[in-house]
Amino acid sequence: MDTIAGAVAHDISGRIVTDLPWERQPGYFKAPSKEDLPLDIQLSDAPKILPEFCSLADGNHFVGDKARGVLEEFCPGMLSFHAVRLGMPNKKLYKNKVYLLTMGDACLVEDGIVLEGSDIILKRPRIPLADGGSVEGPPMLGVMKRPPRLYWSRVAVGERHLWADSKLQQIVVASDALHEAFKARGVTGYQAQECRFVQEH
């Protein structure tokens, strides 16, 4: 096993409570602005004790202190953590600290996925224009089945411990070392799927 494709074992139902326009709302690789903090999260379905690594249906990841400590050790300067006020389904605030996890651009890998052997296809979407025509948009990667079989370029990934392909940012991958550290330190909620490196790439 060379790498681990990231997925969360628990999708927590809820939403970010905000009046911010879409372009200012946070995402995988988009940290919230300081003036928009702290973020308020209202959960509608969740266990009494949240896992250390979880996400909402919109894809935003949230971590506890234990997971944050491991991630800061393995990915210094590559991630940002933003404290949130978390309302549980019973409307009470969650007692433990929870952080919105945002990945930095350094986690993005250009041409990281090796298409040969992977359950991935290259797509070139068309972008509609106001006059009814369309133009070819930037290339993207699409998943043919879930969970997909993934092969990664060792050269492109380098020494990263956490990364995603720039054309398929919703699949986050961790190194063996980071995955083992999660397990050793009791980080819950992270579901692993084996991936492989292709050495000649």
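The values are calculated or read from the model by the stated rules, or taken from the named source; none is laboratory data. Note that this is a predicted model, so its numbers are computed, not measured. All Cβ positions, glycine included, derive from the backbone under ideal geometry; neighbour counts span all protein chains shown. The protein model used for the area step is the full one, side chains on, heavy atoms only, and it has no ligands, DNA or RNA in it. Shrake-Rupley method; radii C 1.70, N 1.55, O 1.52, S 1.80 Å.
Miscellaneous remarks
- Local charge for H161 was computed over the other residues whose Cβ lies under 10 Å away, with Lys and Arg +1 and Asp and Glu -1, and equals -2.
- GluC sites (Glu not before Pro) restricted to DSSP loop in the range 76-138 with at most 12 other C-beta within 10 Å: E110, E116
- When you filter the GluC sites (Glu not before Pro) in the range 143-201 for DSSP loop state and at most 13 other Cβ atoms inside 10 Å of their Cβ, you are left with E159, E200.
- Candidate aspartates and glutamates - alpha carbon under 18 Å from K34, same-chain residues fewer than 8 apart omitted: D19, E23
- Shape analysis of the range 67-183 places it in the oblate category; the axes a ≥ b ≥ c from the Cα gyration tensor give an a/c of at least 1.5, with a/b not above b/c.
- Other residues with beta-carbon under 12 Å from the beta-carbon of R185 carry, at +1 per Lys or Arg and -1 per Asp or Glu, a net charge of -1.
- Based on DSSP H segments of at least four residues, each scored -39500 (n - 2.57), the chain has a per-residue ellipticity at 222 nm of -3000 deg cm²/dmol.
- Environment charge at P89 (Cβ cut-off 13 Å; Lys +1, Arg +1, Asp -1, Glu -1): +3
- Measuring nothing but protein heavy atoms, the accessible surface of the chain at 1.4 Å probe radius is 51 percent carbon and sulfur.
- Rounded to the nearest 20 debye, dipole of the range 39-115 from Cβ charges on Lys, Arg, Asp, Glu: 700
- DSSP beta bridges confined to the range 90-201 are antiparallel in about 70 percent of cases.
- Mean separation of Cα contacts under 8 Å (6+ apart) over length of the range 55-201, as relative contact order %: 23
- For the chain, the longest site-free run once trypsin sites (Lys or Arg not before Pro) in DSSP loop states with at most 11 other Cβ atoms within 10 Å are removed: 146-201
- Converting the Cα gyration tensor eigenvalues of the chain into ellipsoid dimensions via √(5λ) gives semi-axes, longest first, of 29, 24, 15 Å.
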